[in-house]
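The values are calculated or read from the model by the stated rules, or taken from the named source; none is laboratory data. Because the structure is predicted, anything quoted here is derived from the model rather than measured. When the accessible area is computed, the model is the full protein with side chains, heavy atoms only, and any ligands, DNA or RNA have been set aside. Shrake-Rupley method; radii C 1.70, N 1.55, O 1.52, S 1.80 Å.
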Amino acid sequence: MILDHIKNAHLYYCLNPYFKTAFKYLSAIKQSDFEKKKEEIDGNNFFLLYFDTEGKGKDGVKLECHQKYLDIHFVFKGSDLIGYKETSFCTDVDTDDLEKNDYKLFKDKPVSEVLVNEDYFAIVFPGDAHAPLIGTEKFMKVVAKIIV
């Protein structure tokens, strides 16, 4: 997992061919964009998901991981608390739907928490089991889903 401010996004362009475009979109987000829930940029290869929500608390979410996609969680307003645990250390599988819907859920508890504040982003790779929404505050964020 990588955590950084949006002003430093250019440092990560080399990590994935979609990153430059993704960060261009994320840097230009407006409040009115949250009226849409999903925006396809390049079909299933790269799309944006919009969330205007509040956290569910530590007992309200489970660790999840992906195999085909990485996520860029960009917080537009407020902050999101994300739990973290290396996927290879997760042992208690709750739901395995990697083949069809690209997610696996775990009953394991996070070993650390990352606070993603306004104008910050977290890049979550397939090896990163993560539990977004473990805070309780209201926030707005966009998740860029990018094929690996």
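Taking θ = phi - 60°, what integer Hz values does the Karplus form 6.51 cos²θ - 1.76 cosθ + 1.60 yield along region 123-132, in sequence order, with x for Gly and Pro?
9, 10, 8, x, x, 9, 6, 9, 10, x
Just want to confirm a number: the relative contact order over region 30-136, from Cα pairs under 8 angstrom separated by 6+ residues, in percent.
Details: 224 pairs, mean separation 40.4, N = 107.
Relative contact order comes out at 38 percent.
Using θ = phi - 60° and the Karplus relation 6.51 cos²θ - 1.76 cosθ + 1.60, list the HN-Hα couplings for region 26-31 in order, rounded to whole Hz, with x at every Gly or Pro.
Listing the rounded values in order: 5, 5, 9, 4, 10, 4 Hz.
In a GNM of the chain with a 10 Å cut-off on Cα contacts, which of 135, 57, 83 has the highest mean-square fluctuation?
So, out of 135, 57, 83, the one fluctuating most is 57.
From the phi of every residue in region 8-25, what ³J(HN,Hα) in whole Hz does the Karplus formula 6.51 cos²θ - 1.76 cosθ + 1.60 yield, where θ is phi - 60° and glycine or proline is x?
Each residue of region 8-25 in turn: 9, 4, 4, 5, 10, 4, 6, 7, 7, x, 8, 4, 4, 5, 4, 5, 4, 5 Hz.
Step through the table entries 24/58; 62/138; 30/109; 20/109; 24/56; 30/62, compare each Cα-Cα distance with 27 Å, and write down the pairs that go over it. Please list the in-between numbers first.
On the way: 24/58 32 Å; 62/138 19 Å; 30/109 34 Å; 20/109 33 Å; 24/56 29 Å; 30/62 29 Å.
Where the Cα-Cα span goes over 27 Å, the pairs concerned are 24/58; 30/109; 20/109; 24/56; 30/62.
Near residue 36, which lysines are there with a Cα under 17 Å away, not counting those fewer than 8 places off in the same chain?
Partners found: 77, 141, 145.
What's the carbon and sulfur percent of the chain's accessible surface, probe 1.4 angstrom, rounded to a whole number? Before the final figure, lay out each step's value.
Numbers: 3820 of 7710 Å².
Roughly 50 percent of what the probe reaches on the chain is carbon or sulfur.
Leaving out ligands and nucleic acids, and using a 1.4 Å probe, what accessible area per residue does region 22-68 come to in Å²?
About 60 Å² of surface per residue is accessible.
For percent of Cα pairs over 19 Å apart, the choices are (i) 50; (ii) 60; (iii) 55; which was calculated from the structure?
Of the listed options (i) 50; (ii) 60; (iii) 55, (i) comes from this structure.
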